[in-house]
Amino acid sequence: MKVTREKEEDCQVFLTIELEPAEVEEALEQSYKRLAKRANIPGFRKGKAPRAVLERHLGKDRLLEDALNELLPQVYEKALKDEGIEAIASPSIEITQTEPVVFKATVPLKPTITLGDYHSLKLKAEPATVKNEEVEEVIEQLRRQHGTWEPMERAADFDDLVTMDVEGYVEEKPLVSQQGVQYQLLKDQPMPVPGFAEELVGVKGGEDKEFKLQLPQDYPRAEVAGKEARFKVKVAEIKQQRLPELDKEFVQTVNPELKTVAALRKQLSANLLIRAEQKAKEEFEEKVIDAVADLSQVAFPPVLVDSEVERLLEQQTRWLQAGGGGMEEYMSRVGKTEKEIREEMRPLAAKRVSRSLVLGQFAEEAKIEVTDAEINAELESIVQSAGGDKDEMRKRLDSSQARLSVEQILTTRKAIQQLVEIAGGAKGARKKK
């Protein structure tokens, strides 16, 4: 074979490889022997049909395809060895001609990472804060959770709970049909259609109302998106929520261990502060990682971004399925193809790859190590936090792959912690407004 090294860019090397006719012929003969054993050719037992007959029966292209499927990986590996090339993933291969056989291989190479002067990096962590308004908002949420609904002899208003029968049509085709459904009138409520709740304000129990609304362009059912819908509503009952008084009785309903409203506020404030501190910690870590990545020079082959896009797409698919939907429904709702969604994900995927490579390089230069004891402790933590059979979970995690995955997680965690300390953000201030 003849190997031509065309160029090298974006951590990829581009090869053109021309095969010798003799090696192609040998591969064709091996392919003939394999296919002849499986082919049912009238007048011949399996494996006994002459090659010319097999070629007429299956087609020369089929024989060549099978031969190249076996030959190209071997030729490619030999080309890498001869050229001293270390690939980090499967190549992209394109057969450009068949007489003689010539193919092009785009080979992904190891990324190059040069860290910047992260030692001089100084960043300020934002203090974790809890405002009184946040505490009061949680208290109001708790009051609503413990509130009661009472029937009212008046017109419906925002925040009321309406019991009704509803029929909806688009071009005389049914859109929705529900009887005895309960619906809370919330301002700017997008469901079932924006403006629906506003139309019911002022309606009394026992009254009917008909109205029209424009469906949004991103409506989940693509076949009716953007069209006009006609609704018929019969209101059966209107209820108003009665919130409990903010007193000792309410406090003990929420937490029997607390005695006063002040104690409840103090506990809620402490809980909110814990969450605020965790959020501030995570935001500062992200800020530090971004800063180190910006200081560094990173180059990597596009295949790494492709792989990360696949992971992002899988994550989104699982998230949609957990919500009772799916990717097909989502694409229909947003009016985008899978290709368009993939392209939208590429900038985020590229950023994640770059950050991961930077953290990996830092961990290597800082000689960060993870002990077996630390891995064991992390695995046990995973077991304890998971539901179901703990022993079964331990068996599932008892593999070299699981240990390697946990080791990588812990290494990354340690790398981030060291960078945070270098940036001066190891200690976050607590502050309450």
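Neighbour counts of C-beta atoms inside 10 Å place 290, 208 in the sequence 208, 290, starting with the fewest. Over the chain, calculate the relative contact order: mean separation of alpha carbon pairs under 8 Å at least 6 apart, over the residue count, as a percent. Value for the chain: 18 percent.
In this simple spin-label model, placing a label point 7 Å from the Cα along the Cα-to-Cβ direction at both residue 20 and residue 148 gives a separation of 9.4 nm.
As an equivalent ellipsoid, segment 26-178 spans semi-axes of 70, 39, 14 angstrom, where each value is the square root of five times an eigenvalue of the C-alpha gyration tensor, largest first. Summing charges over neighbours of residue 187, with a neighbour being any other residue whose Cβ is under 10 Å away from its Cβ, gives -3 when K and R count +1 and D and E count -1.
Given +1 at the Cβ of Lys and Arg, -1 at the Cβ of Asp and Glu and no other charges, the dipole of segment 261-432 around its Cα centre is 1000 debye to the nearest 20.
All other residues whose Cβ lies under 10 angstrom from that of residue 71 are scored, Lys and Arg at +1 and Asp and Glu at -1, for a net of -4.
For a footprinting-style exposure proxy, rank 416, 238 by other Cβ within 10 Å, fewest first. The fewest-first ordering by Cβ neighbours comes to 416, 238.
For the pair residue 227 and residue 81 in one chain, pulling the backbone fully straight at 0.36 nm per residue adds 46.4 nm over the alpha carbon distance.
I need the fraction of alpha carbon pairs in segment 148-242 separated by more than 18 Å, rounded to a whole percent. Value for segment 148-242 (Cα pairs over 18 Å): 43 percent. Rounded to two decimals, the Cα-based Rg/Rh of the chain, with Kirkwood Rh, is 1.11. When you filter the trypsin sites (Lys or Arg not before Pro) in segment 33-62 for DSSP loop state and at most 16 other Cβ atoms inside 10 Å of their Cβ, you are left with 45, 46, 48. Quantify how much of the Cα-Cα distance distribution of segment 261-432 extends past 28 Å, in percent. So the portion of pairs separated by more than 28 Å is 47 percent. Here is the list for segment 128-222: GluC sites (Glu not before Pro) lying in DSSP coil, each with at most 16 other C-beta atoms within 10 angstrom of its C-beta, are 153, 171, 172, 207. Annotation: amide H of residue 227 within the under-5 Å range of 215, sequence separation 5 or more or interchain, hydrogens built in the peptide plane. So what's the net charge close to residue 361: Lys and Arg +1, Asp and Glu -1, counting the other residues with Cβ under 13 Å from its Cβ? Local charge sum for residue 361: +1. Cβ-to-Cβ counts within 10 Å put 4, 98 in ascending order as 4, 98, the fewest first. Computed from backbone phi with θ = phi - 60° and the Karplus coefficients 6.51, -1.76 and 1.60, the 3J(HN,Hα) list for segment 179-187 is 10, x, 7, 9, 9, 8, 7, 10, 4 Hz; x is used for glycine and proline.
Compared with the alpha-carbon gap, the fully stretched path from residue 409 to residue 311 is longer by 33.6 nm at 0.36 nm per residue. Of the trypsin sites (Lys or Arg not before Pro) found in segment 151-239, those in coil by DSSP whose Cβ has at most 16 other Cβ atoms within 10 Å are 154, 187, 204, 221, 227.
Net charge dipole, segment 2-110: roughly 960 debye, given to the nearest 20, about the Cα centre with Cβ charges of +1 for Lys and Arg and -1 for Asp and Glu. Of the listed pairs 173/239; 81/104; 78/339, which have alpha-carbon separations greater than 26 Å here? Pairs exceeding the cut-off: 173/239; 78/339.
Fully extending the segment from residue 97 to residue 381 would add 96.6 nm, taking 0.36 nm per residue of separation and subtracting the current Cα-Cα distance.
Dipole magnitude for the chain: computed about the Cα centre from +1 point charges on Lys and Arg Cβ and -1 point charges on Asp and Glu Cβ, it is near 620 debye.
Amide hydrogen proximity for residue 126: with H placed 1.01 Å from N in the peptide plane, no residue at 5 or more positions away or on another chain lies under 5 Å.
Taken together, the values in this text are just the output of simple stated rules run on the coordinates, not laboratory data. Please read these numbers as outputs of a predicted model, since none were measured by experiment. Because the Cβ atoms are built from the backbone with ideal geometry, glycine has one as well, and the counts that use them run over all protein chains shown.
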